[in-house]
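The values are calculated or read from the model by the stated rules, or taken from the named source; none is laboratory data. For clarity, every value in this text was computed on a predicted model and none was experimentally measured. Counting neighbours? That spans all protein chains shown, and the Cβs are built from the backbone with ideal geometry, glycine included.
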Amino acid sequence: MAAEKLTMANALNRALRDAMRADDTVLMFGEDVGPLGGVFRITDGLTAEFGEQRCFDTPLAESGILGMAIGMAMNGMRPVVEMQFDAFAYPAFEQLVSHAAKMRNRTRGRVGVPLVIRVPYAGGIGGVEHHCDSSEAYYAHTPGLHVVAPSDPADAYGLLRRAIESPDPVIFLEPKKLYFSRSEADLTLPVPPIGKAVVRRPGTDATLIAYGPAVPVALEAAEAAAQEGRSLQVVDLRSIVPFDDETVCAAVRSTGRAVVVAEAAGFASVSSEVVARVTERCFHSLHAPIRRVTGFDIPYPPPKLEHVHLPSVDRILDTVDDLQWEDA
């Protein structure tokens, strides 16, 4: 099949539909995901095709949604649940960290939890708090969970298919502001597995490390930098847990400079962990300390101010300019 132009929302819908066609133990449920098709229409048409036994609405009770999904997963099903908005998942957090993440270890490997928690996350849609959180650090800090964040339609399709096939629970972070951005994608081509980063753009002067909604911004910054005569490499993590040390460190060693770009607040964050891991492994290859461009350490701001809060091309380029180029 030739590449086609589609949105991330289209790709996610296709992934769910194809997974449900391929395996009748796969089912989808959550708030408003049935006949309505979800707030962002990611599940559009699934109830019509598969019936209310396979794609259905639940009460507004996230802890109950996830608790039921864990029980189903322990008993032979492969549930996919939607949390509707990022911060709506917090009431289900105890079910996630106390049970889903620990069940395999608790049972000495006898019981797995093949469960996908879809979380529409991050900002850029003009939403308010509880609708624009970047909550990846909470999940990444919990052993037993896989955490992934696609940045384009092809990865959205491939990573969701792999997440549904995984024998362990996967937090699937869907960048809301990228739902309706279009790009060419051939969904028949294999994508790298969960746990594998990719270099989205080659470069020789510095490496931008990003994931999810920050990747297009990093690519835009790299393009702008090229107009100024500076070559920036862009690495898309794709998978936060497991983390691909090999690809990321090889990229940083090749340039000697790095900037991590993420929407989440910087303190005690995934970006902090990336800096620590890369510094430990690449210290003798670095020409400058690794810098970060992140959201500020504040609750998510009002819509009129989110453009100031979120990483921008200008903030990235200003940080790149501060990488001690005089010492090269």
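Points worth noting:
- Residue check, A222 assigned to a strand (DSSP E or B) and at pLDDT 95 or above: no
- Residue check for P190: more than 15 Å from V261 (Cα to Cα) and over 16 Å from the mean Cα position of the chain (by Cα): yes
- Per this entry, L27 is counted among residues that are out of contact with any helix residue (DSSP H, G or I) (no Cβ under 7 Å at 6 or more places or on another chain) and either of a type in the set (A, V, I, L, M) or not assigned by TED's automatic domain parsing to the domain that holds N75 (or both).
- For the stretch 265-283, the set of residues classified as surrounded by fewer than 24 Cβ atoms within 10 Å (Cβ to Cβ) and free of Cβ contacts under 8 Å to residues at least 24 places away in the same chain consists of S272, V275, A276, T279, E280, F283, listed by residue number.
- Residue-level check: of (1) surrounded by 15 or more Cβ atoms within 10 Å (Cβ to Cβ); (2) outside any strand (DSSP E or B), A262 misses just (2).
- Check on L208, out of contact with any Leu (no Cβ under 9 Å at 6 or more places or on another chain) and either at pLDDT below 95 or crowded, with 20+ Cβ neighbours inside 10 Å (or both): no
- Identity of the residue in the stretch 232-291, of a type in the set (V, I, T) and in contact with a Cys (Cβ under 7 Å, 6 or more places away or on another chain), that ends up farthest from D152 (Cα to Cα): V278
- Taking the criterion of being free of Cβ contacts under 8 Å to residues at least 40 places away in the same chain and either acidic (D, E) or farther than 28 Å from D168 by Cα (or both), the residues of the stretch 230-255 that qualify are S231, Q233, V234, D245, E246, A250, R253.
- The listed residues are V293, V274, V278, and the only one of them that is in a strand (DSSP E or B) and among the hydrophobic types (A, V, I, L, M, F, W, C) turns out to be V293.
- Residue among L232, L317, L286 that alone is of a type outside the set (V, I, T), surrounded by 17 or more Cβ atoms within 10 Å (Cβ to Cβ) and within 19 Å of A197 (Cα to Cα): L232
- The set of residues from the stretch 167-192 being assigned to a loop (DSSP other than H, G, I, E, B) and crowded, with 19+ Cβ neighbours inside 10 Å comprises P169, Y179, L187, V191.
- Members of the stretch 193-212 found to be within 19 Å of R291 (Cβ to Cβ), of a type outside the set (G, A, S) and under 15 Å from the mean Cα position of the chain (by Cα), listed by number: I209, Y211
- Check on Y138, crowded, with 23+ Cβ neighbours inside 10 Å and among the aromatic types (F, W, Y): no
- Restricted to the stretch 71-100, and to residues there that are within 17 Å of the chain's Cα centre (by Cα) and of a type in the set (G, A, S), the residue that is nearest to D18 (Cα to Cα) is A89.
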